[in-house]
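Here's the structure we're looking at; comments come further down.
The values are calculated or read from the model by the stated rules, or taken from the named source; none is laboratory data. Keep in mind it's a predicted model, so treat the numbers as computed, not measured. With ideal geometry, Cβ positions are generated from the backbone for all residues, glycine too; neighbour counts draw on all protein chains shown.
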Ligand code: ZN
Ligand code: MN
């Protein structure tokens, strides 16, 4: 069955203050409702004022998605009744959004962008004793209310969940490069997904956080709708909720249509003219974006395109990490290989991003140089990467130092070998009796004692001398 999917992405734009008031936006670790004022609490008579920094960032996002920017835009009230927005409307954009008709390219396919607009985030609802469908009561935190959001709406161009995933990771990398988005913040990127199968109505799954969850929610919906249609049942238009615990979706409400929101112009704000000069000056300030950076990595560092893509799309911080490595290490391809294989594997396994981990370019490159020189075997290097990720810079050089000392002091190696020979007299006798394999066993025993430090060939020679 042919699947059609489109997504709407809500992203917190990084600013110091909220969209329509001067309350701070850094709500992490703050008491609930600490960062509020009459405007973001929606008191009657309070007047919103637009934060220009939000418009600057939003113009850059729209430009990076090749959108057309409206010459004049204005805000509208989207009416709905829900405790996360006590004034009973959200200030959003409807009739004329900031930008329209753009695209983002993934694996040689263009995903069309329908619109990009600015709106305020509602408050955060805390469902106590269950989730949205089962909780006993709800607490409301207005710290999040009024935080600027950019909403990006795609056309239904996705045909698989893999395409959605690729799109999201590329988009998030672009937003990070623009420095308008902090991926480490909880709920800073939320996805609503629309999905329909041939012969069925469109289903909307609301408010999914986390890329992996988006994929799971969509996969679940594809199977659920397929089954309904196969059994000759109807897929009716509705809004569903994805439960990250059970990995299933459940019906929330029958879908309302855009007309149901009773949009009206926001009378407390004026029209905003977006001059060509403004757009151009924002374009000039735009930093290097992921696609350009990948091409530069291929050219400047002679990376395989595949490695360059992985490094840039995982997150901006990883690309920065790679470039910092290249400043102190003259073998970029080798650094890239270690990053996309063992370092990433370790980060993923530990559930950490490069920024959350303790590994630093300096210690990472120290390790690679030891491996280059043969001081540390590759196998041990792979293990040490885990230490670097978890414990950081201080302990690793010491550990390496100790190993080097162990290596440069031949006396110590001789002592270890003597001990091994003493402890394994059977193998020694076997070797003396002509069994060549026995010596390999002894080499192995020595390497176990030195924690794999030392050249097996040299150890073998020493053993032959000492028996
Ligand atoms: Zn406020
Ligand atoms: Mn929205």
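Considering only residues in the stretch 187-216 that are under 18 Å from the mean Cα position of the chain (by Cα) and without any contact (Cβ under 8 Å) to a residue 40 or more places away in the chain, the one that is farthest from residue 286 (Cα to Cα) turns out to be 216. Check the stretch 456-467 and report whether any residue there is outside any helix (DSSP H, G or I) and surrounded by 13 or more Cβ atoms within 10 Å (Cβ to Cβ). Yes, that holds for at least one residue. The set of residues in the stretch 1-47 that are more than 8 Å from ligand 1 (Cβ to nearest atom), closer than 19 Å to residue 93 by Cα and in contact with a strand residue (DSSP E or B) (Cβ under 7 Å, 6 or more places away or on another chain) comprises 7, 8, 9, 10, 11, 12, 13, 19.
Taken together, 222, 195 contain a single residue that is away from ligand 2 (no atom under 16 Å from the Cβ) and either crowded, with 18+ Cβ neighbours inside 10 Å or in a loop (DSSP other than H, G, I, E, B) (or both), which is 195.
Count of the stretch 135-151 residues, restricted to those that are more than 16 Å from ligand 2 (Cβ to nearest atom) and either under 25 Å from the mean Cα position of the chain (by Cα) or part of a strand (DSSP E or B) (or both), is 6. Restricting attention to the stretch 154-186, the residues that are part of a strand (DSSP E or B) and either surrounded by fewer than 19 Cβ atoms within 10 Å (Cβ to Cβ) or on the phi > 0 side of the Ramachandran plot (or both) total 0. State whether one or more residues within the stretch 225-239 are surrounded by 15 or more Cβ atoms within 10 Å (Cβ to Cβ) and within 16 Å of residue 189 (Cα to Cα). No: zero hits.
Between 421, 447, 442, the distinction of being modelled with pLDDT under 85, surrounded by 15 or more Cβ atoms within 10 Å (Cβ to Cβ) and assigned to a helix (DSSP H, G or I) belongs to 447 only. When we screen 299, 284 for residues that are under 30 Å from residue 94 (Cα atoms), part of a helix (DSSP H, G or I) and either free of Cβ contacts under 8 Å to residues at least 24 places away in the same chain or in contact with a helix residue (DSSP H, G or I) (Cβ under 8 Å, 6 or more places away or on another chain) (or both), the only hit is 284. Evaluate the following for residue 248: is it more than 30 Å from residue 58 (Cβ to Cβ) and exposed (fewer than 13 other Cβ atoms within 10 Å of the Cβ)? For residue 248, the condition - more than 30 Å from residue 58 (Cβ to Cβ) and exposed (fewer than 13 other Cβ atoms within 10 Å of the Cβ) - is not met. Screening the stretch 76-96 for residues that are more than 13 Å from ligand 2 (Cβ to nearest atom), assigned to a loop (DSSP other than H, G, I, E, B) and touching a strand residue (DSSP E or B) at 6+ places or on another chain (Cβ under 7 Å) and picking the one that is modelled with the lowest pLDDT gives 83.
Among the residues of the stretch 7-34, the ones that are within 16 Å of ligand 2 (Cβ to nearest atom) and within 21 Å of residue 286 (Cβ to Cβ) come to 4 in all.
Applying the criterion of being crowded, with 16+ Cβ neighbours inside 10 Å and farther than 21 Å from residue 87 by Cβ to the residues of the stretch 251-271, the residue that is modelled with the highest pLDDT is 252.
Applying the criterion of being assigned to a loop (DSSP other than H, G, I, E, B) and within 15 Å of ligand 1 (Cβ to nearest atom) to the residues of the stretch 108-134, the residue that is surrounded by the fewest Cβ atoms within 10 Å (Cβ to Cβ) is 122.
Can you spot a residue in the stretch 35-53 that is within 16 Å of ligand 2 (Cβ to nearest atom) and surrounded by 19 or more Cβ atoms within 10 Å (Cβ to Cβ)? No, because not a single residue in the stretch 35-53 is within 16 Å of ligand 2 (Cβ to nearest atom) and surrounded by 19 or more Cβ atoms within 10 Å (Cβ to Cβ).
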